[in-house]
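Here the structure comes first, spelled out in structure tokens, and everything after it is commentary.
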Amino acid sequence: MYLDNERRPTLTPQLAVRVALIGGVALVAFAVIFFRLWYLQVLSGDRYLAEARDNRVREIKVQAPRGEIVDRDGRTLVDNRPAMAVVVSPDRLPDAEAARQRLYRRLGRLLGMRPRAVRREVESQLQATPYSTATVKQDVSDQLAWYLLEHRDEFRGADVERVFLRQYPHHEIGAHLFGTVGEMTAEQEKDPRYRDVDLGDRVGQSGIELQYDRFLRGRNGASRVQVDALGNLNRRLSKEEPIQGRQLRLSVDLDVQEAGQEALSAGTGRGAFAVMDIKSGAVLGLGSTPSYDPNIFSKGIKTADWKRINDVDNGAPITNRAIQAGYPTGSTFKLVTATAALEEGLITPDTPLYDPGSFTLGGVTFENAGGVSHGALALRQALTVSSDVFFYQLGAQLDSEGDGLGLQRWARRLGIGRDTGIDLPGELPGLLPTPKWRNALYKAGDTEKPWTPGDNVNLSVGQGDLQADPLQMAVAYATIANGGRVLRPRLAQRIEDSSGRAIQQLEAPTARRLDIKPEYRQAILDGLRGAASAPGGTSTAVFQGFPIQIAGKTGTAEKGDGRADQSWYVALAPWPSPKYVVAVTDEAGGFGADTAAPMARRILAALFHVKENRLVEGGGPSD
């Protein structure tokens, strides 16, 4: 009997191949896992350990206070003031949503804010910097701060911190110089100059605050904290104190700045002035009115305040008229015309021209102020009595036939119609009218007539389309007084540490030089001296009895359309070796001798520490 054994299935070739493939794949997979683990544990272990530790440590920024700004004598112009701010700490904020809502409601009632606004402020800030405190409201009263501290149990998560806000102790005085600060804008974020600045940092936005922000900004500190795996704060590890920004010393004299703005305010309330050292270009005063209080920017400006300071009907207080407003200059421009006529060879200092009281060109008659006739006179006397007809004749001869030469060339050389280069942002060049400019407008249909010789006649006495500002006129007068150096005005003198010790001198750029014959310059200066001191001088009555001898020129610019005349005065002092130039204008002040000249006297009194107890009245036979 046969016992049949069960036959085991045989391993077919196809099955063997499949087993081999599966085994190979498994072997490769295990090899990859093995080598990956070896790489992570052996080769990269130290790096990942360090990163894991870093994940447990966070840095919280501590913003640095900005550096102070002082005047030439070290008097504070801009500093910081301590203030109390209500903040919310993420480590103490309630976890429950209902508890958070109660906190926001209580804070809203306490701070006069809507709960929704409180929540929005907190959540937006914590989203950007999860481990830092979120500021709900800055500059709260001491009473409110003490109340919150005493009732901390009712405001779980809220606290009070001391912060520093920018402070402008002189309010409207010098506002256009100092400028403002604010949180870094999107445009500034892209600027390489702000690569070390974080979102939320406050930086300069205008004026000196912007121009020298890199020195004033300081260096932020940091507080290191430890968090758990969920990001909750465990404990504070260390703190690096912030470093305050550098102190900036300006060439500004606070007394002169105050006197200038007070003088402007006593006029029509719209104007500007500039005071400059004629040898160095150092600016001792630069003001504009109406002004504004830059303290409104310290905590974030309100919409209503922003509209108010930009409102043209309100005088647009944000505008710095000293470097941004363009005005016809009236007879103060005669210094430019005189320089051009002498250097172009039209006259010598002693060439007589006859002034019958009027001048006719192309059927148009131009007259002296009041129709006064001065007869035969040379340059010095023409400047002294401010003969318009004398300069009308020069303007007609200096007319440029489309090439920008003659009067325009010398005006531009003296700084009219171009930036002065002052270390302030936002300067505008104004307008120096030329045949090319006018004819282009005519071809485009933007004006009724092309350039005519009469336009140059108007320009010769600072009328027509000319647009210049006080600082440009100060530069032009300084150039004649200092020997032909066209200065670049400067406000900043040096960078200092907190004790006032100089760290870095801020030198002014090299001045341009004009080759003007000394005898020509002296003739012009003699004429300006006569205008402020000689019988018949247009401002002699204004400066009678003033202990500082000066040279100066009045200006009255007609603006037409029923608008009041623009009042101007430019002074050089002391005579006969001038050190300073003062240029002042009032938009609706009328005759230069009536408004601007008395303003200049008040500024000069502050500049030379002259005490005066009487109001100075204008007066002069002519402009």
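Computed values, structure above
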{"read-out": "Near pairs, Cβ below 8 angstrom, 6+ apart or cross-chain, from the range 204-218 (in contact (Cβ under 8 Å) with a residue 12 or more places away in the chain) to any residue that is among the hydroxyl-bearing types (Ser, Thr, Tyr)", "value": "204/180; 204/212; 205/180; 205/185; 206/180; 207/180; 209/180"}
{"read-out": "Test result for residue 198, surrounded by fewer than 18 Cβ atoms within 10 Å (Cβ to Cβ) and either in contact (Cβ under 8 Å) with a residue 60 or more places away in the chain or within 15 Å of the chain's Cα centre (by Cα) (or both)", "value": "yes"}
{"read-out": "Checklist (1) touching a Phe, Trp or Tyr at 6+ places or on another chain (Cβ under 8 Å); (2) at positive phi; (3) without any contact (Cβ under 8 Å) to a residue 40 or more places away in the chain applied to residue 330, failing item", "value": "(3)"}
{"read-out": "Extreme residue, farthest from residue 414 (Cα to Cα), among residues of the range 515-540 that are touching a strand residue (DSSP E or B) at 6+ places or on another chain (Cβ under 7 Å) and of a type outside the set (Gly, Ala, Ser)", "value": "538"}
{"read-out": "The range 419-446: number of residues that are in contact (Cβ under 8 Å) with a residue 24 or more places away in the chain and closer than 30 Å to residue 205 by Cα", "value": "12"}
{"read-out": "Conditions (1) farther than 26 Å from residue 242 by Cβ; (2) modelled with pLDDT under 85: number failed by residue 132", "value": "(1)"}
{"read-out": "Single residue of the range 522-563 satisfying the filter (under 35 Å from the mean Cα position of the chain (by Cα), among the charged types (D, E, K, R) and surrounded by fewer than 22 Cβ atoms within 10 Å (Cβ to Cβ)) that is nearest to residue 483 (Cα to Cα)", "value": "558"}
{"read-out": "Near pairs, Cβ below 8 angstrom, 6+ apart or cross-chain, from the range 263-284 (at negative phi and modelled with pLDDT of 95 or more) to any residue that is aromatic (Phe, Trp, Tyr) and assigned to a strand (DSSP E or B)", "value": "263/273; 264/273; 275/580; 276/580; 277/580; 278/580; 284/580"}
{"read-out": "Residue list for the range 487-499, restricted to those being farther than 22 Å from residue 577 by Cβ and part of a loop (DSSP other than H, G, I, E, B)", "value": "488, 491, 497, 498, 499"}
{"read-out": "Some residue of the range 585-598 being closer than 23 Å to residue 459 by Cα and assigned to a strand (DSSP E or B)", "value": "yes"}
{"read-out": "Enumerated strands (runs of 3 or more DSSP E) restricted to the range 500-577, each holding at least 1 residues that are under 24 Å from residue 461 (Cβ atoms)", "value": "551-557, 566-573"}
{"read-out": "Test: residue in the range 120-142 that is under 33 Å from the mean Cα position of the chain (by Cα), surrounded by 19 or more Cβ atoms within 10 Å (Cβ to Cβ) and part of a loop (DSSP other than H, G, I, E, B)", "value": "yes"}
{"read-out": "Search result, residues across the range 194-237 that are at pLDDT 75 or above and more than 30 Å from residue 253 (Cα to Cα)", "value": "194, 195, 196, 197"}
{"read-out": "Matching residues, the range 195-215, being of a type in the set (Val, Ile, Thr) and more than 22 Å from residue 175 (Cα to Cα)", "value": "197"}
{"read-out": "Boolean, residue 70 is surrounded by 18 or more Cβ atoms within 10 Å (Cβ to Cβ), touching a Gly at 6+ places or on another chain (Cβ under 7 Å) and modelled with pLDDT of 70 or more", "value": "no"}
{"read-out": "Evaluation of residue 476 against (1) within 23 Å of the chain's Cα centre (by Cα); (2) small (Gly, Ala, Ser); (3) within 30 Å of residue 359 (Cβ to Cβ); (4) assigned to a loop (DSSP other than H, G, I, E, B) (one fails), failing number", "value": "(4)"}
{"read-out": "Answer residue from the range 406-418, given it is among the charged types (D, E, K, R) and more than 30 Å from residue 204 (Cα to Cα) and is surrounded by the most Cβ atoms within 10 Å (Cβ to Cβ) among those", "value": "413"}
{"read-out": "Residue 260 in contact with a helix residue (DSSP H, G or I) (Cβ under 7 Å, 6 or more places away or on another chain), closer than 24 Å to residue 316 by Cα and modelled with pLDDT of 95 or more", "value": "yes"}
{"read-out": "Residue match in the range 295-309 (condition: closer than 22 Å to residue 71 by Cβ, surrounded by fewer than 18 Cβ atoms within 10 Å (Cβ to Cβ) and of a type outside the set (S, T, N, Q))", "value": "no"}
{"read-out": "Check on residue 316, assigned by TED's automatic domain parsing to the domain that holds residue 528 and either in contact (Cβ under 8 Å) with a residue 12 or more places away in the chain or out of contact with any Cys (no Cβ under 9 Å at 6 or more places or on another chain) (or both)", "value": "no"}
{"read-out": "Residue match in the range 275-288 (condition: in a helix (DSSP H, G or I), hydroxyl-bearing (Ser, Thr, Tyr) and either more than 15 Å from the chain's Cα centre (by Cα) or surrounded by fewer than 16 Cβ atoms within 10 Å (Cβ to Cβ) (or both))", "value": "no"}
{"read-out": "Residue match in the range 174-181 (condition: at positive phi, surrounded by fewer than 18 Cβ atoms within 10 Å (Cβ to Cβ), at pLDDT 80 or above and assigned to a loop (DSSP other than H, G, I, E, B))", "value": "no"}
{"read-out": "Residue under evaluation residue 156, criteria (1) free of Cβ contacts under 8 Å to residues at least 40 places away in the same chain; (2) more than 29 Å from residue 205 (Cβ to Cβ); (3) in contact with a Lys or Arg (Cβ under 9 Å, 6 or more places away or on another chain); (4) surrounded by fewer than 20 Cβ atoms within 10 Å (Cβ to Cβ), criterion not met", "value": "(1)"}
{"read-out": "Residue within the range 167-185 that is over 30 Å from residue 252 (Cβ atoms), outside the structural domain of residue 295 (by TED's automatic domain parsing) and of a type outside the set (S, T, N, Q) present", "value": "no"}
{"read-out": "Considering residues of the range 336-361 that are out of contact with any helix residue (DSSP H, G or I) (no Cβ under 6 Å at 6 or more places or on another chain) and not acidic (Asp, Glu) only, the residue surrounded by the fewest Cβ atoms within 10 Å (Cβ to Cβ)", "value": "345"}
{"read-out": "Residues of the range 577-608 classified as surrounded by fewer than 18 Cβ atoms within 10 Å (Cβ to Cβ) and at pLDDT below 95, total", "value": "1"}
{"read-out": "Verdict on residue 351 being closer than 23 Å to residue 551 by Cα, more than 38 Å from the chain's Cα centre (by Cα) and of a type in the set (S, T, N, Q)", "value": "yes"}
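The values are calculated or read from the model by the stated rules, or taken from the named source; none is laboratory data. Owing to the predicted nature of the structure, the values given are computational and were not obtained by experimental measurement. Neighbour counts are summed over all protein chains in view; Cβ atoms, including those assigned to glycine, are modelled from backbone coordinates with ideal geometry.
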